[in-house]
Amino acid sequence: MNVNGIHYRAIWMDGTTVCMIEQNLLPFEFKIFKAETLDDTCMAIKTMITRGAGSIGAAAAYGMYQAICTSDDEHLVENLVVAKKKIDSTRPTAVNLFYATDRVLKASKVSREFAISEAFAVADECAEAGRMIGEYGNTLIKDGFGVETHCNAGWLALVDYGSALAPIYAAQESGKEIFVYADETRPRNQGARLTAWELASAGVPHAILPDNAGAYYMSLGKINMVIVGADRIAANGDTANKIGTLEKAIAAKYYGVPFYVAAPLSTIDLSTPDGKHINIEERDEDEVLKYSGLVENGNIETFRMANPTSHAKNPAFDVTPAELITGIITEKGIVKPNELKKLF
Ligand code: MRU
């Protein structure tokens, strides 16, 4: 996607350095973070400098490449086992991360060259999947539609194009008039900060919706469809995505609004039978108790907004049961949640 006329991916390699758009500073500052070592890359995934299922999958694959570069041939597989363990411990829910480290490790048992080509293929395939998700998803969007989305499932989250936002970009490019409702997505506000920034940069008409306003807007008939991304889709179609997704799906069912999940095949985890088996990340309570944003002196600052003696819960994801999902938009087409096996 273009930023000030220059094409960027959310994450890419430069030599042995992983370059990523620093997502914690957006939309206030556009900066590239350079992860020179595997430890830097792991830290960047953990602290969400790069985030979103597809982009952390790419970061994991590039991290494995960094480990390949510092390993001799003789100890390649055992060094990659150690690197995989380190990368896998950064974030637990998005399966793309584990998909990427598994894929590179497996390839290293064939040859160093194959492992390198697999490490680079993860990001390229993810970007191409986003493009195709856009094409398929656009067939569902009618002129004049109001589309609600949750969290950020745009190009920042999927290397390029996006998952949930790719159909929106494709619809806009094909001349449809659409209006996007971007849920703010507490507590980290990926919707208010990142989705809104992406949409504004692409000239897509939109408004940020407070997290608790979705059902009301559906009741007014303003939302024709909901499209969200995914961090892990279990074999039965249950889908883990950013906390708050489940509530939107329940409200959408009540008001008869089609609820779509958009995700590449690398987010579908057939080895996880259902949503109950998905490991849900718990993050630091400070993300709930404090706000971070641009203050009047132009600095980005963090301040406490909650009662000083209270604690908070901070589950990062929830699971939407398959029965609430109208369809899953992938790079191979749109399927019902109970038809996932058809795709493989
Ligand atoms: O915690 P995050 O910001 O990494 O969570 C991201 C989401 O939940 C996205 O909606 C999801 O990854 C889909 S984006 C390809």
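The values are calculated or read from the model by the stated rules, or taken from the named source; none is laboratory data. These numbers come from a predicted model, not from an experiment. In this analysis, Cβ positions are derived from the backbone assuming ideal geometry, glycine residues included, and neighbour counts consider all displayed protein chains. Calculation scope for accessible area: heavy atoms of the full protein, side chains included, ligands and nucleic acids excluded. Shrake-Rupley method; radii C 1.70, N 1.55, O 1.52, S 1.80 Å.
At-a-glance table
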| item | result |
| --- | --- |
| Search result, residues across region 104-134 that are out of contact with any Phe, Trp or Tyr (no Cβ under 8 Å at 6 or more places or on another chain), within 30 Å of Tyr169 (Cα to Cα) and of a type in the set (D, E, K, R) | Glu118, Asp124, Glu125, Glu128 |
| Filter result for Gly327 (open to solvent by less than 10 Å² (accessible area, probe 1.4 Å), not assigned by TED's automatic domain parsing to the domain that holds Met48 and not acidic (Asp, Glu)) | yes |
| Condition met for Val147 (on the phi > 0 side of the Ramachandran plot and in the same structural domain as Ile227 (by TED's automatic domain parsing)) | no |
| Residue count for region 194-208, restricted to those that are within 16 Å of Ala164 (Cβ to Cβ) and either touching a Ser or Thr at 6+ places or on another chain (Cβ under 7 Å) or not hydrophobic (A, V, I, L, M, F, W, C) (or both) | 3 |
| For Met48: the one exception among (1) more than 18 Å from the chain's Cα centre (by Cα); (2) within 16 Å of the ligand (Cβ to nearest atom) | (1) |
| Ala123 being under 30 Å from Ile68 (Cα atoms) and within 14 Å of the ligand (Cβ to nearest atom) | yes |
| Filtered residues of region 266-283 (kept if open to solvent by 40 Å² or more (accessible area, probe 1.4 Å), within 16 Å of the ligand (Cβ to nearest atom) and assigned to a loop (DSSP other than H, G, I, E, B)) | Asn279, Ile280, Arg283 |
| Lys31 touching a strand residue (DSSP E or B) at 6+ places or on another chain (Cβ under 8 Å) and farther than 16 Å from Ala123 by Cα | yes |
| Matching residues, region 284-314, being within 16 Å of the ligand (Cβ to nearest atom) and exposed (fewer than 14 other Cβ atoms within 10 Å of the Cβ) | Asp284, Lys313 |
| Any hit, region 257-265, residues being out of contact with any Lys or Arg (no Cβ under 9 Å at 6 or more places or on another chain), of a type outside the set (Ser, Thr, Tyr), in contact (Cβ under 8 Å) with a residue 12 or more places away in the chain and open to solvent by 40 Å² or more (accessible area, probe 1.4 Å) | yes |
| Contacts under 7 angstrom Cβ, first residue in region 81-96 being touching a residue at least 40 places away in the same chain (Cβ under 8 Å), partner of a type in the set (Ser, Thr, Tyr) and within 16 Å of the ligand (Cβ to nearest atom), 6 or more apart | Val95/Thr267; Asn96/Ser266; Asn96/Thr267 |
| Filter pass, Asn152 being of a type in the set (S, T, N, Q), in contact with a strand residue (DSSP E or B) (Cβ under 9 Å, 6 or more places away or on another chain) and not in a helix (DSSP H, G or I) | yes |
| So Pro321, is it open to solvent by less than 80 Å² (accessible area, probe 1.4 Å), more than 23 Å from Arg193 (Cα to Cα) and in contact with a helix residue (DSSP H, G or I) (Cβ under 8 Å, 6 or more places away or on another chain) | yes |
| Selection within region 172-195 - of a type in the set (A, V, I, L, M, F, W, C) and within 14 Å of the ligand (Cβ to nearest atom) | Ala182, Ala192, Leu194 |
| Test: residue in region 253-265 that is more than 14 Å from the ligand (Cβ to nearest atom), hydroxyl-bearing (Ser, Thr, Tyr), assigned to a loop (DSSP other than H, G, I, E, B) and modelled with pLDDT of 95 or more | no |
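For every residue, the table says whether it meets (1) within 11 Å of the ligand (Cβ to nearest atom); (2) surrounded by fewer than 24 Cβ atoms within 10 Å (Cβ to Cβ).
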residue	(1), (2)
Lys85	no, yes
Ala94	yes, no
Thr101	no, no
Val110	no, yes
Asp143	no, yes
Gly154	yes, no
